[in-house]
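Chemist: Below is one structure. I have some questions about it.
Since every read-out is calculated from the coordinates, none of them should be taken as a lab result. Keep in mind it's a predicted model, so treat the numbers as computed, not measured. In this analysis, Cβ positions are derived from the backbone assuming ideal geometry, glycine residues included, and neighbour counts consider all displayed protein chains.
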Amino acid sequence: MSKTFKIGIIGCGGIAHGKHMPALKNQPNAEMVAFCDIVEERAREAADKFGVPGARVYTDYRELLKEESIEVVHVCTPNDSHADISIAAMEAGKHVMCEKPMAKTAADARRMRDAAKRTGRKLSIGYQNRFRADSQYLKKICSEGELGEIYYAKAHAIRRRAVPTWGVFLDEEKQGGGPLIDIGTHALDLTLWMMDNYEPKVVLGTAFHKLSQRQNAANAWGPWDPAKFTVEDSAFGMIVMKNGATIMLESSWALNTLSTGEARTTLCGTEGGADMQDGLRINGEKHSRLFMNQIQLDAKGVDFYDGRKESPADLEAREWLRAIEQDTDPVVTPEQACVVSEILEAIYESAKTGKAVYFD
Ligand SMILES: NC(=O)c1ccc[n+]([C@@H]2O[C@H](COP(=O)([O-])OP(=O)(O)OC[C@H]3O[C@@H](n4cnc5c(N)ncnc54)[C@H](O)[C@@H]3O)[C@@H](O)[C@H]2O)c1
């Protein structure tokens, strides 16, 4: 019988409600015993809805970390506090699941990675798109070498008009950037994971503030306030890896295009290709003809359907707790997430200076 983990939630806003707390509630071996938010009623509401009877409420995360019985902490605060809170938690002996991106800056991401090593605590980052059925299937294909050497890829994170207007997403100071660090990060994480290539050589990037100053813009979450929109509205990058493999990364919250889609990857290898443009499609050449296979991820039937209906969020939570219990690497390792943050920062830097950024 598996043990029960006592878990503390730090930051009880959108993603805590949208992913972490419901997913943990679905795990038979998880108990949410403490909730912290700088806005007390948010922590209290979360405790009432998701906590065990008698769950504690805090407004200062340092107080929550003093609770010895808490073994695992989920950090769901804005980007600028990921590093300090996660490091303090690991130093207090807790395993940490932190929201994406790993941190606001690459230096902070490296501090987190190093703290995990130093303390021996587990650290993972909330890249739940890896747990989607199409991603899991594609990862198997890539791991078995079916695409051969992947030498070209695209990381897609494009919205026509879906600028997040709640919280602090538009605030450069709190988030460190806009769509690149918010949704570009998911697409890049997926792409690097599929390629299993974490060695960037050089990065060239551009960032735009072209639509952010529009008044009364059409937007999925209502018009944004141009005065508060201090981050880019679009950013693009070209990443060349040490082995020459090349990734084009495109990210936008607002772009005049009909070609949208986020948290997707397109892979081109010597033996075949794959994309997530219209479901998961594998393409290649066989018997002197080209082929395209659509993977039927939702096929139901006695022979195919495995009977499980687990959401990516639930699977992420289950695998996270399993990694702690069995003392294995989490699916998303700190080393991998740190490289994602380093590449994102290089794109921002290149966009500012107009120069390519070289990695050692
Ligand atoms: N995995 C995903 O797909 C996904 C989706 C959305 C957001 N996120 C990430 O989740 C994080 C939070 O985003 P959100 O949409 O939930 O924002 P949010 O503004 O809705 O929630 C953040 C909460 O953290 C609280 N908070 C801020 N500083 C705090 C501190 N020092 N201690 C305790 N609480 C604090 C705020 O009061 C707020 O309630 C961000 O890093 C974001 O990038 C991830």
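Chemist: Subtract the Cα-Cα distance of residue 290 and residue 248 from 0.36 nm times their separation in residues, and report this length gain in nm to one decimal. If you can, show how the numbers build up before the last one.
Modeler: Numbers: separation 42, 0.36 × 42 = 15.12 nm, distance 2.44 nm.
Full extension from residue 290 to residue 248 adds 12.7 nm.
Chemist: Can you list the chymotrypsin sites (Phe, Trp or Tyr not before Pro) in segment 274-355 that are in a DSSP coil and have 15 or fewer other beta carbons within 10 angstrom? Please report the intermediate quantities before stating the final value.
Modeler: Details: sites: 291, 304, 305, 320, 348; in loops: 304, 305.
Passing both the DSSP loop test and the Cβ count: 304, 305.
Chemist: If I take R0 = 22 Å and measure r between the Cβ atoms of residue 48 and residue 4 in this structure, what FRET efficiency does the formula 1/(1 + (r/R0)^6) give, to the nearest 0.05? Spell out each step's value before the answer.
Modeler: Values: r = 21 Å, r/R0 = 0.94.
FRET efficiency, residue 48 to residue 4: 0.60.
Chemist: Between residue 257 and residue 202, what FRET efficiency follows from the Cβ-Cβ distance if R0 is 22 Å, with the result rounded to 0.05?
Modeler: Numbers: r = 27 Å, r/R0 = 1.22.
The computed FRET efficiency comes out at 0.25.
Chemist: How big is the dipole moment of segment 256-301 about its Cα centre under a simple scheme where the beta carbon of each Lys and Arg is +1, that of each Asp and Glu is -1, and everything else is neutral? Debye, nearest 20, please.
Modeler: Working: 5 positive and 6 negative charges, 30 e Å.
Taking the Cα centre of segment 256-301 as origin, the dipole is about 140 debye.
Chemist: Restricting to Cα pairs below 8 Å that are 6+ residues apart, what does the relative contact order work out to for the chain? Please round to a whole percent. Kindly include the intermediate steps, with their values, before the conclusion.
Modeler: Details: 768 pairs, mean separation 69.0, N = 360.
After rounding, I find 19 percent.
Chemist: Regarding the chain, what's the average projected area of the Cα-atom convex hull, expressed in nm²? Working shown, then result.
Modeler: Numbers: hull surface 80.1 nm².
The number I arrive at for the chain is 20.0 nm².
Chemist: A further question follows. Where nothing but the Cβ of Lys and Arg (+1) and of Asp and Glu (-1) is charged, how large is the charge dipole of the chain around its Cα centre, in debye to the nearest 20?
Modeler: So the dipole magnitude of the chain works out to roughly 360 debye.
Chemist: Also, quick follow-up: Once you have the Cα-Cα distance between residue 360 and residue 277, take 0.36 nm times their residue separation minus that, and quote the gain in nm to one decimal. Spell out each step's value before the answer.
Modeler: Working: separation 83, 0.36 × 83 = 29.88 nm, distance 3.42 nm.
Extending this stretch completely gives an extra 26.5 nm.
Chemist: May I pose another question? ³J(HN,Hα) across segment 43-56 via Karplus (A = 6.51, B = -1.76, C = 1.60, θ = phi - 60°), whole Hz, x for Gly/Pro?
Modeler: 5, 5, 4, 5, 4, 5, 7, 10, x, 6, x, x, 4, 8
Chemist: A further question follows. So for the chain, taking the charge dipole from beta-carbon charges (+1 Lys/Arg, -1 Asp/Glu), which of 260, 200, 350 sits furthest toward the positive end?
Modeler: The residue sitting most towards the positive pole is 260.
Chemist: Run lengths n ≥ 4 of DSSP H only: what is the helix-derived mean residue ellipticity at 222 nm for the chain, with -39500 (n - 2.57) per run over all residues, to the nearest 500?
Modeler: Details: 10 runs with 106 residues, N = 360.
That calculation yields -9000 deg cm²/dmol at 222 nm.
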